[in-house]
Every structure is written in C-alpha cells, then in structure tokens.
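Some notes on the structure that comes next.
The values are calculated or read from the model by the stated rules, or taken from the named source; none is laboratory data. Predicted model only: the values in this text are computed from it and were never measured. Using ideal geometry, Cβ is built from the backbone for each residue, glycine included, and neighbour counts are taken over all protein chains shown. What goes into the accessible areas is simple: the full protein's heavy atoms, side chains included, and nothing from ligands, DNA or RNA. Shrake-Rupley method; radii C 1.70, N 1.55, O 1.52, S 1.80 Å.
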Amino acid sequence: MIALVYGILRDMAAQPRAQEETAAYLAEKLSGFVKKMDTVLICFPEQGSGSLSHLMEQAVLQCEAIPVVWGADHRWKSLLRLAFSSRANTIISTPLIVLGLAKLRSFYSIPLFVRNVVTAGYPCEEWMIDGIRRGFDCVSWGCFAMGTTGVVAGFSCSEVQGVHLRDSEYRVEIVDRNGNALPEGEEGEMVLSPANAPELRYFMGENARLRTGRCACGSTQPLLTDLCPGRTEADADLMELGKTLQSWNSVLDCRLCKGQYGLELEIVALPGGRLPKLPSAAKQCIRVFDPEKDEPLPYDPTQKIPESGAESH
C-alpha cells in the first residue's frame, strides 16, 4: 500500500502543470540567495524528467543563473573536478554527497567557492549540517521532498531551524507508531498527503515535530522541526554508528547492514587518516579511497536496514 501511494504521488507531481508550479516555487525560494549568472551545481542520482534534479535545474534557470548537473560520471573524482571547474557558489545535493565533497576539498586542499548548500533527498540531521557548514563555511538550506522525486513539500525557514510546509499543495500529519495523530509539538512519523486528496496518506519513514502559528520569519505556513530518519529500536544502534563514522573527516563514505551472521561494515577511508574504534563485525571491509573508481555508496535511511543473504565462512 505504501508503495502504491508513493507511485500515485510521484505520478501526480510529474504532470506538466505540477512540474511548472513546483519549479516556480523552488525558483522563488532559491532567489533569496541565488543571483543572476551564479553557477549552481546540482548533484542527485536521478536526473530524468520530473525528478528533483530536473526541477531544480528549471528553477535555477528561472533565477537567470547557470545550472551545472553532475552527469553520467558519478565518481567522487568527477564531482570534485566539476565543483572546482564550474566555480559553483551554490550546491544542491543529498546531504552525505555534499558532506563527502567537503571532506575531499579539505583533503586535497582545493579551493572551492561555495556560499550556499541546499540539501534534499532525506533529512539533513544536525551533525550533517555542522559538517557541511564547517567544510565550506557556508549557509545550509533544506528542501523537503519525497526522496529525489518531484514531490516537493517545503523549504527551509530563513529565521529558524526548520522547514515551512508548502501547504497550498501538501499536508503533513505527525503520528505515533499506531498511526494516531499526535498533539502539536510532539515528535512522530510524518504522513504526507496532497491538499486536494487527503485520503492519499504516505508514511514517510521520517520523523519530525509540527508547529503552527506565525513564525519569526513572518510566515504562517506550518513549520516542521527536528527532521530525522525514522528509527526502529533494532536499527537505532546502526544509525548511531553510521553517524559516528561519517563524522570523522578520514571516513569518506561507509555502508552498514545486518547480515545473517551479524553486522557488516564497509568503509572508504581517505589515505593517512586515523579511524575511530570499530565494533566487532561478522564482515568488515576497510579500503583506501580510489579516485579512479569510487562513487558514493547507496544511502537510504528511510528504508529498513537490509538483511543480506547467506554467506559462506
């Protein structure tokens, strides 16, 4: 059922009129810091028509700025080269990709000129925001979307840490584990619905708090705060470990999962750096970053940590 609603919302957002309205909405938000002839680097894995990447590209053009899209070569090396050669002053990306770019910039001592970063695709948690701001000495913004699809439901507040809901198009409920609505201000799972079809309820697997009333910025649109990936008790330790690993500048990338025999861990480390103390694992792969081959590892915190198949030992 969740997959069905996901598909319906994605298809609704892919309609031509919906795309035009979403691109105009994003252009209005970006225009606060993207100026005419600025270069904007857009880094998302999905780049087809109707995707978030495509809509961001259209929005940047409406700002009379220059979009540069990270294309078919998805190696870290190509991203760093593109960020430098384009002299991009704004980057729009998933959080861990732009965080990895900040680590590479520091490791290679390459001057980049980033003033603003917009993250989307999954919640940019506080530790990610801190790492991005330290890595680029920039301002960090957030776009609230259903993954990297064209379902764009909100954008960062200019005054407080949070996202104002695009309430002309979408509604968000905060519910408990049983799907019951929670009082305003309490943390729970977000349930996204189109404003004109509230019966379509998509459980996002991400948590937040919802506040109403006039914001410090003057907006009366509902404000989502404390956005974070949804957690089950079984997955909490893995997500905390992922946070610890990614917080180290020596760890460019990592992937965790639960295998048949326990924790499985893959780490891509920058040369010469120290690593944090690692837990015991049934399978552990630590390798040095290879710029000729390595791409960002897949990351989707909104889905259940995968169980891998049986292995021989």
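Working carefully through the options Ser193, Ser168, find the one that is assigned to a loop (DSSP other than H, G, I, E, B) and at pLDDT 95 or above.
Being assigned to a loop (DSSP other than H, G, I, E, B) and at pLDDT 95 or above holds for just one of Ser193, Ser168, which is Ser168.
Kindly indicate whether Glu20 is open to solvent by 60 Å² or more (accessible area, probe 1.4 Å), of a type in the set (D, E, K, R) and in a helix (DSSP H, G or I).
Yes.
From the list Gly131, Gly150, Gly162, which residue is in contact (Cβ under 8 Å) with a residue 40 or more places away in the chain, farther than 29 Å from Ile2 by Cα and in contact with a Ser or Thr (Cβ under 8 Å, 6 or more places away or on another chain)?
So the residue among Gly131, Gly150, Gly162 that is in contact (Cβ under 8 Å) with a residue 40 or more places away in the chain, farther than 29 Å from Ile2 by Cα and in contact with a Ser or Thr (Cβ under 8 Å, 6 or more places away or on another chain) is Gly131.
Name the residues in the range 23-43 that are part of a helix (DSSP H, G or I) and either of a type in the set (A, V, I, L, M) or open to solvent by less than 50 Å² (accessible area, probe 1.4 Å) (or both), would you?
Of everything in the range 23-43, those that are part of a helix (DSSP H, G or I) and either of a type in the set (A, V, I, L, M) or open to solvent by less than 50 Å² (accessible area, probe 1.4 Å) (or both) turn out to be Ala23, Ala24, Tyr25, Leu26, Ala27, Leu30.
Please go through the range 252-269 and give me each residue that is over 16 Å from Leu99 (Cβ atoms) and surrounded by 17 or more Cβ atoms within 10 Å (Cβ to Cβ), ordered by number.
If the condition is that a residue be over 16 Å from Leu99 (Cβ atoms) and surrounded by 17 or more Cβ atoms within 10 Å (Cβ to Cβ), then Leu256, Lys258, Gly259, Leu263, Glu264, Leu265 are the ones that fit.
If you go through the range 239-251 one residue at a time, do you hit one that is open to solvent by 50 Å² or more (accessible area, probe 1.4 Å), part of a strand (DSSP E or B) and more than 28 Å from Leu165 (Cβ to Cβ)?
no
Report yes if some residue within the range 280-290 is assigned to a loop (DSSP other than H, G, I, E, B) and at pLDDT 95 or above; otherwise report no.
Looking through the range 280-290, at least one residue is assigned to a loop (DSSP other than H, G, I, E, B) and at pLDDT 95 or above.
Does Val60 satisfy the condition of being open to solvent by less than 20 Å² (accessible area, probe 1.4 Å), touching a residue at least 60 places away in the same chain (Cβ under 8 Å) and outside any strand (DSSP E or B)?
The answer is no for Val60.
Considering only residues that are under 20 Å from the mean Cα position of the chain (by Cα) and within 19 Å of Lys293 (Cβ to Cβ), which ones fall in the range 84-121?
Leu96, Ile97, Gly100, Leu101, Lys103, Leu104
Out of the residues in the range 75-118 meeting the condition of being assigned to a loop (DSSP other than H, G, I, E, B), open to solvent by less than 50 Å² (accessible area, probe 1.4 Å) and without any contact (Cβ under 8 Å) to a residue 40 or more places away in the chain, tell me which one is nearest to Met239 (Cα to Cα).
In this case the residue turns out to be Val114.
Quick one: which residue in Leu241, Leu265, Leu275 is without any contact (Cβ under 8 Å) to a residue 60 or more places away in the chain and within 20 Å of the chain's Cα centre (by Cα)?
Result: Leu241 is the single residue among Leu241, Leu265, Leu275 that is without any contact (Cβ under 8 Å) to a residue 60 or more places away in the chain and within 20 Å of the chain's Cα centre (by Cα).
Of the residues that sit in the range 38-62 and are under 15 Å from Asn116 (Cα atoms) and not hydroxyl-bearing (Ser, Thr, Tyr), which one is farthest from the chain's Cα centre (by Cα)?
Asp38
Evaluate the following for Ala72: is it farther than 30 Å from Leu200 by Cβ and in a loop (DSSP other than H, G, I, E, B)?
The answer is yes for Ala72.
Listed residues Glu169, Glu186; which is of a type outside the set (S, T, N, Q) and open to solvent by 80 Å² or more (accessible area, probe 1.4 Å)?
Glu186
Answer yes or no: is there a residue in the range 119-139 that is assigned to a strand (DSSP E or B), at negative phi and open to solvent by 20 Å² or more (accessible area, probe 1.4 Å).
Scanning the range 119-139 turns up at least one residue that is assigned to a strand (DSSP E or B), at negative phi and open to solvent by 20 Å² or more (accessible area, probe 1.4 Å).
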